[in-house]
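The block underneath contains the structure these notes are about, expressed in structure tokens.
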Amino acid sequence: MLSKRVIPCLDVREGKTTKGIKFENNVDIGDPVEMARFYYEAGADELVFYDITASHEKRNIMIDVVRRVAETIFIPFSVGGGIRTLEDMRAVLLAGAEKVSVNSAAVKNPEIISQGAKAFGNQCVVLGMDVKQVGEKKGIPSGYEIVINGGRTYMGLDALEWAKKGQSLGAGEICLNSIDADGTKDGYEMNLTRLISDNVSIPVIASGGAGKPEHLADVLTKGCADAALIASMVHYGTYTIADIKAHLKQQGIKIRKILTN
Amino acid sequence: MIVIVDYGAGNLTSVKRAVSYLGYDSVITGDSKKIATAERIIFPGVGAAGAAMEVMQQRGIDRALKQAFASKIPMLGICVGCQIIMDRSEENDAACLGLIKGEAKAFLNNMAEISLLDKAVDETYRSINSEKNVQRYLKVPHMGWNGLDVVQPHLLFNGIKPEDEFYFVHSYFPMPVDESSIYGKTEYGIQFASAIGKDNLFATQFHLEKSGEPGLLILKNFCLWKP
């Protein structure tokens with residue numbers, strides 16, 4: 001039986017991991033390669049790296065990070081942030097990432113999803129979605145709207161419609177981030193997660209709002225998510241992957257056991 | 001030297017990295033001569049079976065692999081490499097290598113009744129959705145960590161524990177005609193063959209290079225395997 005996945009997310013800026021609250025006030029908290037190895041050994045099922053380097057010229061720093069991570073851990077990891085072209089995707093995948101995540105570039109140019117899926121396979125292409133609740137209105141029947149630029153720019157695009165379109169264009173997975181919940185540590189956006197997960201047939205990773213193990217248990221059951229993204233709750237040592245998995249197991253949720261040698 | 005077969009099917013460097021991490025030299029090549037005379041052969045792959053077979057035929061890799069199989073060279077297929085050793089694949093209705101009798105079949109969204117999902121998750125889900133009459137379909141691709149029921153012992157399983165899980169990403173799965181070709185099974189909607197083999201050939205539907213320590217262990221066992 002398929003296990004639910006617990007996925008630490010590392011924001012990387014110019015080769016260093018950071019964790020920002022609502023995308024602001026980032027602070028360096030470590031070396032991404034060391035952290036990747038740490039989470040690999042701690043029982044993470046997968047890792048996500050977001051490159052938040054502002055300058056496109058410095059993207060080669062991230063490619064080097066990806067290459068070193070790939071030599072160090074033997075679980076899947078995806079890389080997102082600043083992926084604009086097929087060439088950006090290729091560079092990340094060739095450096096050793098299992099998947100590449102497209103977000104705002106896909107909103108502006110949906111074809112990048114189908115191009116990526118055709119060139120590298122659907123399983124390589126993750127559609128990253130940043131979503132805000134705006135209430136039902138014209139053009140936004142689900143009440144959830146796609147935003148970019150860390151939530152500052154509303155795109156007039158319905159989140160549910162976009163998820164379905166992303167799937168039909170060939171995305172192999174959706175990483176669904178609630179801007180409203182992100183950084184609050186009050187739990188995932190359950191309604192949004194369930195809405196999307198119920199209406200697509202590809203896996204959905206819930207993102208934004210994780211503060212304690214109970215939040216993961218909720219989103220993986222009631223929220224119908226296939227995987228849950230976590231960040232600060234583990235980065236600052238509040239919880240370990242083992243703490244989280246012990247709770248999930250206790251709740252009867254199928255997880256991959258942490259192996260002890 | 002271990003030969004990792006390049007047939008244009010995705011990223012082969014992750015397999016090479018894993019092999020090198022274990023301390024073995026390998027070379028990535030699409031040269032059919034090098035393949036037919038290799039010490040050991042790994043043929044990984046993502047993407048479509050049909051596309052993979054087309055490239056193989058163009059480069060003569062299909063014949064090289066058949067020749068290697070007949071010459072008893074230890075061979076390991078991974079993911080699509082576990083599908084193209086069958087007679088054919090439902091994906092693009094492609095004729096494949098025919099080293100193991102049977103077909104690669106597609107997962108269907110409606111393959112699993114909800115009862116096959118995890119019980120606790122299922123019950124919570126049902127209680128939420130009973131009024132809304134929402135139907136839960138099997139998500140395809142089968143993506144993530146899943147178990148392995150060893151149904152027949154194999155040297156490559158040495159050291160593998162019953163609770164070990166492996167990383168899968170696939171929409172098709174091998175279905176050998178002969179039960180004796182099946183070494184491991186996994187449940188996703190149905191019970192499917194996730195590890196198959198015959199003589200000097202072994203293949204896993206899961207990604208050994210992305211399955212953490214248990215995956216590395218099977219890979220290491222393969223590097224030492226004398227069938």
When every protein chain stays in place and a 1.4 Å probe is rolled, A:R90, B:R40, B:R59 sorted by accessible area with the largest first are B:R59, A:R90, B:R40
Based on the Cβ-Cβ distance of A:K185 and A:R152, what FRET efficiency does E = 1/(1 + (r/R0)^6) give at R0 = 22 Å, to the nearest 0.05?
0.50
Give the calculated FRET efficiency between B:K66 and A:M1 to the nearest 0.05, with a Förster radius of 41 Å applied to their Cβ-Cβ distance.
0.70
With -39,500 (n - 2.57) per DSSP H segment of 4 or more residues and division by the full residue count of the protein assembly as shown, the 222 nm estimate, nearest 500 deg cm²/dmol, is -9000 deg cm²/dmol
Taking GluC sites (Glu not before Pro) as exposed when in a DSSP loop with at most 16 other Cβ atoms inside 10 Å, chain A has its longest clean stretch at A:137-261
Which of A:G237, A:G128, A:G170 ends up with the largest GNM mean-square fluctuation for chain A, with Cα atoms connected below 10 Å?
A:G237
With 25 Å as the limit, write out which pairs from B:K72/B:K220; A:K4/A:K118; A:K249/B:K210 have Cα-Cα distances beyond it, or answer none.
A:K4/A:K118
Put +1 on the Cβ of each Lys and Arg and -1 on the Cβ of each Asp and Glu in chain A; which of A:V65, A:I241, A:V79 then has its Cα farthest toward the positive end of the dipole?
A:I241
Have a look at segment B:14-46 and report residues whose accessible surface goes down by 20 Å² or more when the remaining protein chains are included, against the chain on its own, probe 1.4 Å, ligands and DNA/RNA excluded.
B:R17, B:Y21, B:V46
Magnitude of the Cβ-charge dipole of segment A:5-250, K/R +1 and D/E -1, about the Cα centre, nearest 20 debye?
280 debye
Highest GNM mean-square fluctuation, chain A, Cα pairs closer than 10 Å: which of A:N60, A:N103, A:N122?
A:N60
With point charges of +1 on the Cβ of Lys and Arg and -1 on the Cβ of Asp and Glu, referenced to the Cα centre of segment B:2-224, which listed residue (B:N200, B:F173, B:Q58) lies farthest in the positive direction of the dipole?
B:Q58
If you take every DSSP beta bridge fully contained in segment B:2-224, what fraction is antiparallel? Give it as a percent rounded to 5.
60 percent
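Quick check for me: using +1 on Lys/Arg Cβ and -1 on Asp/Glu Cβ, what's the dipole size of the protein assembly as shown about its Cα centre, in debye to the nearest 20? Before the final figure, lay out each step's value.
Details: 54 positive and 58 negative charges, 99 e Å.
Charge dipole, the protein assembly as shown, about its Cα centre: 480 debye, nearest 20.
Quick one: compute the contact order of segment A:5-250, relative version, from alpha carbon pairs under 8 angstrom and 6+ residues apart, as a percent.
Numbers: 537 pairs, mean separation 38.8, N = 246.
Rounded, it is 16 percent for segment A:5-250.
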Got a number for the accessible area of A:D180? Probe 1.4 Å, square angstrom, nearest 10.
60 Å²
Consider just the alpha-carbon atoms of the protein assembly as shown and return their Rg together with their Dmax, both in angstrom.
21.7, 68
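Considering only segment A:1-141, what is the antiparallel percent among its DSSP beta bridges, to the nearest 5?
Taking every DSSP beta bridge within segment A:1-141, about 35 percent pair in antiparallel fashion.
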Rounded to the angstrom and largest first, Cα extents along the principal axes for segment A:5-250 equal 47, 43, 32
Stretch gain in nm, segment A:E87-A:K118, where the contour uses 0.36 nm per residue and the Cα spacing is subtracted:
9.8 nm
Ignoring everything but the protein chains, give the 1.4 Å probe accessible area of A:I253 in square angstrom, nearest 10.
10 Å²
State the percentage of accessible surface on chain B attributable to carbon and sulfur atoms; use a 1.4 Å probe and exclude ligands, DNA and RNA.
50 percent
Rounded to 5, percent antiparallel among DSSP beta bridges of chain A
30 percent
Can you pull out the buried accessible area for chains B and A, both sides counted, probe 1.4 Å, rounded to the nearest 100 Å²?
3700 Å²
Simple label model, 7 Å out from Cα along Cβ direction - B:D149 to A:K58, nm:
5.3 nm
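Just by accessible area at a 1.4 angstrom probe, what is the order of A:Y236, B:Y188 from largest to smallest?
Listed by decreasing accessible area, they come as A:Y236, B:Y188.
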For B:T37 the rounded accessible area (nearest 10 Å², probe 1.4 Å, non-protein molecules ignored) is 110 Å²
Most fluctuating of B:M143, B:M53, B:M86 in the GNM of chain B (C-alpha, under 10 Å) is B:M143
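Using r as the Cβ-Cβ distance of B:K161 and B:E187, and R0 as 30 Å, what FRET efficiency do you calculate, to the nearest 0.05?
0.95
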Ignoring ligands, DNA and RNA, the residues of segment A:80-107 whose accessible area with a 1.4 Å probe is reduced by 50 Å² or more relative to the chain alone are A:E98
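Averaged per residue, what accessible surface does segment B:2-224 expose to a 1.4 Å probe, in Å²? Walk me through the intermediate numbers first.
On the way: 8700 Å² over 223 residues.
Here the residues of segment B:2-224 average 39 Å² of exposed surface.
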Hey, if we sort A:H247, B:H170 by accessible area with the 1.4 Å probe, largest down, what's the order?
A:H247, B:H170
With contacts defined as alpha carbon pairs under 8 Å and 6 or more residues apart, what's the relative contact order of segment B:2-224 in percent?
20 percent
Placing each pseudo-label 7 Å from Cα in the direction of the beta carbon, A:E41 and A:K249 end up separated by a distance in nanometres of 2.0 nm
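The values are calculated or read from the model by the stated rules, or taken from the named source; none is laboratory data. This structure is a prediction, so every number in the text was calculated from the model and none was measured. As a convention, Cβ positions derive from the backbone with ideal geometry for all residues, glycine included, and neighbour counts pool all protein chains shown. Remember, those area values only see protein heavy atoms, side chains included, never the ligands or the DNA or RNA. Shrake-Rupley method; radii C 1.70, N 1.55, O 1.52, S 1.80 Å.
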